[in-house]
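Novice: Sending over a structure as C-alpha cells; questions will come in a sec.
The values are calculated or read from the model by the stated rules, or taken from the named source; none is laboratory data. Here the structure is a predicted model, which means the values were calculated and not measured. Surface areas here come from the heavy atoms of the whole protein model, side chains and all, with no ligands, DNA or RNA. Shrake-Rupley method; radii C 1.70, N 1.55, O 1.52, S 1.80 Å.
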Amino acid sequence: MRRVVRYIALTLGCSIVLLGFSVAMTFSRLDDSYAQWGAAEMVIYYMEDHDGKWPDGWADLQPYFDAGGSRVSGWSYDTFQQHVWIDFSADPAELHKLSQGATSPPFNVIDSTSVFAPQFEDGPNGILMRYFNPDARNLNPTLDVTLGPAE
C-alpha cells in the first residue's frame with residue numbers, strides 16, 4: 001500500500017512540476033505571439049507591394065521589419081528570425097484557393113519555432129486566411145469592450 005501511495009505522490013508531483021514549467025514557458029514566450037502576428041502582416045505588406053508574390057526569404061522581409069513591422073520591440077532581426085518560422089516555398093495562389101470557404105486556417109505557413117509559444121486568436125495563418133478570403137469569419141475575435149458611464 002505504501003508503494004502505491006509513493007507512486008501516486010511521485011506522479012502527482014511530476015505532473016504539477018510539468019504543468020508549472022509549461023505555464024512558465026508559455027508566459028516567457030508571449031512575445032512570440034506578437035512576432036507571429038507581425039510576420040503575417042509583413043508577408044501581406046510584401047505581397048501587396050509585389051503584385052501578390054510570396055517572399056522568397058528573410059531578406060525580402062527585412063525592410064518591413066526595419067520599418068517597425070515586427071510588433072516586437074527590442075528584438076534584432078536575427079532574434080526575430082530565430083522565433084518565427086515561415087514557409088518561403090508557399091504558393092499564394094494555392095493559399096487563396098484553400099482559404100475560400102474555410103472556417104479555420106487550412107494551412108500552416110507561419111508559426112513559432114517554439115512549441116510553447118501562444119498565438120493570438122487563430123494565429124498568423126488565420127490572418128493570412130482572412131487576407132485571401134475577406135469574407136472568412138474570425139471564430140476567435142478579440143472582444144471589444146467600451147467602458148462608459150453606467151445607465
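Novice: With a 1.4 Å probe and all protein chains left in place, how much of the accessible area of region 29-132 comes from carbon and sulfur atoms, in whole percent?
Specialist: After summing per-atom areas, the C and S share lands at 49 percent.
Novice: Taking the inverse of the average 1/r across all pairs of different Cα atoms in region 29-132, what Kirkwood radius in Å do you get?
Specialist: About 13.6 Å, per the Kirkwood formula over Cα pairs.
Novice: Also: Length gain on complete extension for the stretch residue 62 to residue 100, per 0.36 nm per residue less the alpha carbon to alpha carbon distance?
Specialist: Extra length from residue 62 to residue 100 when fully extended: 10.7 nm.
Novice: Amide H of residue 85: which non-local residues (sequence gap of 5 or more, or other chain) have their own amide H closer than 5 Å, using H built in the peptide plane?
Specialist: Excluding prolines and chain starts, which carry no amide H, the hits are 111, 112, 113.
Novice: At 1.4 Å probe radius, can you tell me the per residue accessible area of region 29-132 in Å²?
Specialist: Heavy-atom accessible area per residue stands at 48 Å².
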